[in-house]
1. Against the conditions (1) part of a strand (DSSP E or B); (2) surrounded by 14 or more Cβ atoms within 10 Å (Cβ to Cβ), where does residue 6 fall short? Just the number, please.
2. Hey, can you tell me all the residues within the range 9-22 that are in contact with a strand residue (DSSP E or B) (Cβ under 7 Å, 6 or more places away or on another chain) and either of a type in the set (Val, Ile, Thr) or assigned to a loop (DSSP other than H, G, I, E, B) (or both)?
3. Select from the range 24-52 the residues that are over 11 Å from the mean Cα position of the chain (by Cα) and either in contact (Cβ under 8 Å) with a residue 12 or more places away in the chain or surrounded by fewer than 11 Cβ atoms within 10 Å (Cβ to Cβ) (or both) and list them in ascending order.
4. Within the range 45-60, track down each residue that is among the polar types (S, T, N, Q) and at pLDDT below 95.
5. Could you check the range 2-22 and list, in sequence order, the residues that are over 8 Å from the mean Cα position of the chain (by Cα) and among the hydrophobic types (A, V, I, L, M, F, W, C)?
Amino acid sequence: MRDVTIETVGDQGDGIAKVERGYVVIVPGAQPGDEPTVEIEQVQENVAFASIVGSDPRAL
């Protein structure tokens, strides 16, 4: 698990975060500015897909 900051939303409506070395993490259900805790579920060469396991406490 790791914390990410959602920077933008992709064409499919999923949140997009960039982490070390520009690696992209796709997070369904996230919006720009969200800072969720996510669990990485699938890893590919330059992108990972994750699900939210915890929310940014400021969003409550």
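The values are calculated or read from the model by the stated rules, or taken from the named source; none is laboratory data. Everything numeric in this text was worked out from a predicted model, so none of it was measured. Positions of Cβ are backbone-derived with ideal geometry, glycine not excepted, and every protein chain shown enters the neighbour counts.
1. (1)
2. Within the range 9-22, 9, 10, 14, 16, 19 meet the criteria.
3. Residues satisfying the conditions are 41, 42, 44, 45, 46.
4. Once the filter is applied, which keeps residues that are among the polar types (S, T, N, Q) and at pLDDT below 95, the range 45-60 yields 46, 55.
5. Of everything in the range 2-22, those that are over 8 Å from the mean Cα position of the chain (by Cα) and among the hydrophobic types (A, V, I, L, M, F, W, C) turn out to be 9, 19.
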